[in-house]
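Here's the structure, in structure tokens; my notes come after.
The values are calculated or read from the model by the stated rules, or taken from the named source; none is laboratory data. Every value quoted in this text rests on a predicted model; they were computed, and no experiment measured them. No Cβ is skipped: glycine too gets one built from the backbone with ideal geometry, and neighbour counts run over all protein chains shown.
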């Protein structure tokens with residue numbers, strides 16, 4: 001219900017602030033291709049109706065391939081996220097409010113009763129601060145143990161003929177999502193899925209190929225225009241964490257674990273934390289309490305995820321990479337060993353080697369080379385670095401140190 005209310009809040013903001021972000025109402029379908037998934041879809045439709053969501057079971061699904069049935073959620077929304085956020089930033093500026101871009105927060109401390117935020121451009125002192133950086137870059141509330149990162153892949157494909165009317169997500173495994181994107185001169189179908197935990201040994205190119213193969217089997221795909229991936233924090237009990245960083249953290253708040261529903265869960269977080277700072281009650285605050293303990297809902301997953309991360313960290317630290325510099329192709333990277341140290345080596349298009357430490361600056365895991373996006377990715381907690389070692393996604397806040405190799 002909180003996410004449904006968030007859709008209406010976004011709609012009102014778009015209208016109130018006259019934000020040109022291609023906002024439109026759409027129906028969303030969670031569809032089943034198999035008999036097993038069909039039963040789950042029927043149950044979901046029934047529960048959604050019981051709690052008052054605009055949902056119903058239907059066998060009429062506007063897709064050009066065989067579908068047994070779906071939950072149709074009416075009155076959902078689709079928008080251009082970047083245009084929407086730029087509109088919000090313009091509406092926010094003024095009256096003592098500011099938006100600062102390209103300012104990298106690196107630390108938090110208390111100073112004279114205020115929160116001191118350290119950045120690469122200086123320090124900011126404030127009465128209250130909210131850490132909303134996917135996974136918190138300071139982990140005072142053990143959110144790295146209560147969330148795990150999950151990567152998903154998307155491809156934007158051209159399709160001969162009309163795009164499907166609505167947005168879609170599969171109830172079958174592997175999960176697939178479909179969303180039409182209509183713009184002047186180019187209509188594209190966004191196809192998502194192939195998700196996995198950040199880990200060594202995954203070939204991103206093969207993940208994209210599976211998505212595109214699946215799309216071509218169901219639509220008259222004429223071209224693949226774009227490919228990209230994203231990482232999101234999944235909470236162990238399935239509900240985002242929104243509230244105080246710890247029970248004792250006065251005026252320091254957190255919002256994380258959005259489960260790939262960032263636009264609505266982010267809006268929910270904004271409402272809850274604004275009410276908290278202004279001393280107003282919020283009906284959803286208890287559900288999303290960032291310091292809740294739900295052993296029945298999360299104990300098994302908490303243990304399995306953290307054992308998996310611990311094993312990965314130990315395995316990568318005790319394994320020995322190749323001790324010689326391989327004959328890398330231009331645009332390729334590999335972890336090697338030089339003088340007992342793990343080195344991340346990348347060969348640029350001119351044939352020059354760019355070498356940095358392969359030890360993630362967050363928790364000491366050994367990074368892996370992402371051949372599709374040409375980044376160094378941490379398999380433990382999802383930090384990512386560009387080919388020169390610069391942080392592009394946390395929770396790491398420090399770059400990989402430069403190294404030299406013969």
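Here are the numbers for this structure:
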| read-out | value |
| --- | --- |
| Test for residue 67: is it buried (at least 18 other Cβ atoms within 10 Å of the Cβ), assigned to a loop (DSSP other than H, G, I, E, B) and not assigned by TED's automatic domain parsing to the domain that holds residue 266 | yes |
| When residues of the range 326-353 are limited to those that are in contact with a strand residue (DSSP E or B) (Cβ under 6 Å, 6 or more places away or on another chain) and modelled with pLDDT under 85, the one nearest to residue 376 (Cα to Cα) | 328 |
| Residue match in the range 333-340 (condition: surrounded by fewer than 17 Cβ atoms within 10 Å (Cβ to Cβ), within 28 Å of the chain's Cα centre (by Cα), in the same structural domain as residue 395 (by TED's automatic domain parsing) and assigned to a loop (DSSP other than H, G, I, E, B)) | no |
| Within the range 346-364, considering residues that are closer than 21 Å to residue 393 by Cα and more than 27 Å from the chain's Cα centre (by Cα), the one surrounded by the fewest Cβ atoms within 10 Å (Cβ to Cβ) | 354 |
| Number of positions in the range 234-255 that are under 20 Å from the mean Cα position of the chain (by Cα) and not in a loop (DSSP other than H, G, I, E, B) | 8 |
| Residue ranges of strands (runs of 3 or more DSSP E) in the range 132-233 with at least 2 members outside the structural domain of residue 73 (by TED's automatic domain parsing), in contact with a strand residue (DSSP E or B) (Cβ under 8 Å, 6 or more places away or on another chain) and within 20 Å of residue 384 (Cα to Cα) | 147-159, 186-196 |
| Pair list, Cβ under 6 Å, 6 or more apart: the range 281-297 residue part of a loop (DSSP other than H, G, I, E, B), other residue surrounded by fewer than 16 Cβ atoms within 10 Å (Cβ to Cβ) and modelled with pLDDT of 90 or more | 282/275; 291/247 |
| Output for the range 201-237, where each listed residue is over 16 Å from residue 157 (Cα atoms) and in contact with a helix residue (DSSP H, G or I) (Cβ under 7 Å, 6 or more places away or on another chain) | 235, 236, 237 |
| Criterion (surrounded by fewer than 18 Cβ atoms within 10 Å (Cβ to Cβ) and within 21 Å of the chain's Cα centre (by Cα)) met by exactly one of 187, 162, 173 | 173 |
| Residue match in the range 256-278 (condition: part of a strand (DSSP E or B), touching a residue at least 60 places away in the same chain (Cβ under 8 Å) and touching a strand residue (DSSP E or B) at 6+ places or on another chain (Cβ under 8 Å)) | yes |
| Of all residues making up the range 1-19, the number that are loosely packed, with under 12 Cβ neighbours inside 10 Å and either closer than 22 Å to residue 170 by Cα or in contact with a helix residue (DSSP H, G or I) (Cβ under 9 Å, 6 or more places away or on another chain) (or both) | 3 |
| Extreme residue, nearest to the chain's Cα centre (by Cα), among residues of the range 20-57 that are in a loop (DSSP other than H, G, I, E, B) and farther than 19 Å from residue 75 by Cβ | 20 |
